[in-house]
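Read the figures in this text as sums done on the coordinates, not as results from a lab. All values reported here derive from a predicted model rather than from experimental measurement. All Cβ positions, even for glycine, are placed from backbone atoms using ideal geometry, and neighbour counts span all protein chains on display.
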Amino acid sequence: MSGKSQEEVAFELLSKLKGMGVWGENNKTYILDLYAECLEAAKGNRKPPGV
């Protein structure tokens, strides 16, 4: 384990999405939704599509 909290891991995942063109004031709702998905994944609660 990296010693980071699940929230820190989720934020790092979200930060990596900056380069994908989703970062900005106009996309705040989308960014928060992505953070929530990253947090679910970091907690091990997100299931792959189709499962």
- line: At R0 = 22 Å the Cβ-Cβ FRET efficiency linking Tyr30 and Glu8, nearest 0.05, sits at 0.55
statement: Taking 0.36 nm per residue of separation between Ser15 and Lys47 and subtracting their Cα-Cα distance, the length gained on full extension comes to 9.4 nm
